[in-house]
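Everything below concerns the one structure shown next.
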């Protein structure tokens with residue numbers, strides 16, 4: 001697919017996500033209103049923790065969906081270039097190899113340091 005097609009798809013998806021945020025916000029308002037009314041009526045007989053947890057779950061869903069929309073908006077705005085995927089994967093593979101090499105060098109140096117410490121301890125022994 002060409003980038004203009006992907007941008008159009010992203011714009012459509014952003015619209016869907018923003019509609020989902022709106023619906024979740026309405027749902028949250030309804031849950032909050034219900035919880036406030038129920039708390040006013042029944043008070044401590046209810047489980048306030050569960051009520052807050054339900055509200056928090058919806059807030060987290062809203063945050064997650066907003067994050068997806070923002071990510072797509074970054075792509076649409078040209079701040080995220082998906083054509084760099086291959087280059088970035090190659091770079092990550094190279095860095096993984098470098099990390100493996102560095103870890104092996106560190107293991108060898110650590111082993112030698114341990115051997116040096118053992119020799120120094122042995123030489124410090126007096127009879």
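Comparing 60, 93, 32, which has the greatest mean-square fluctuation in the GNM of the chain with Cα pairs linked when under 10 Å apart?
93
Just 82, 99, 58 to compare: in a GNM of the chain, with alpha carbon springs under 10 Å, which one fluctuates most?
Residue with maximal mean-square fluctuation among 82, 99, 58: 99.
Could you identify which residue out of 25, 33, 44 has the top mean-square fluctuation in a GNM of the chain using Cα springs shorter than 10 Å?
The residue with the greatest mean-square fluctuation here is 44.
Using the alpha-carbon centroid of each, what span in Å lies between the stretch 64-91 and the stretch 1-29?
Centre-to-centre distance over Cα atoms comes out at 15 Å.
Select one label from (1) 16.6; (2) 17.4; (3) 20.8: the one whose number is Kirkwood radius over Cα pairs in Å as derived from the coordinates shown.
It is the value labelled (3).
Relative to the longest principal axis of the C-alpha atoms of the chain, give the angle of the C-alpha long axis of helix 85-123, reported between 0 and 90° and rounded to the nearest 10°.
40
Can you figure out the FRET efficiency of residue 70 with residue 34, using R₀ = 30 Å and their beta-carbon distance, to the nearest 0.05? Spell out each step's value before the answer.
Working: r = 30 Å, r/R0 = 0.99.
Approximately 0.50, to the nearest 0.05.
On a full-extension model of 0.36 nm per residue, what is the gain between residue 12 and residue 87, subtracting their alpha-carbon distance, rounded to one decimal in nm? Mind dumping the intermediate values first?
Details: separation 75, 0.36 × 75 = 27.00 nm, distance 2.76 nm.
Full extension from residue 12 to residue 87 adds 24.2 nm.
For the Cα atoms of the chain, what angle does the longest principal axis make with the long axis of helix 3-42, in degrees from 0 to 90, nearest 10?
70
Kindly express, to the nearest 10 degrees and within the range 0 to 90, the angle between helix 48-76's C-alpha long axis and the longest C-alpha principal axis of the chain.
On a 0 to 90 degree scale, this one is about 80.
Every number here is computed from the coordinates shown, using simple stated rules; none is lab data. For clarity, every value in this text was computed on a predicted model and none was experimentally measured. Note: ideal-geometry Cβ built from the backbone for every residue, glycine included; neighbour counts use all protein chains shown.
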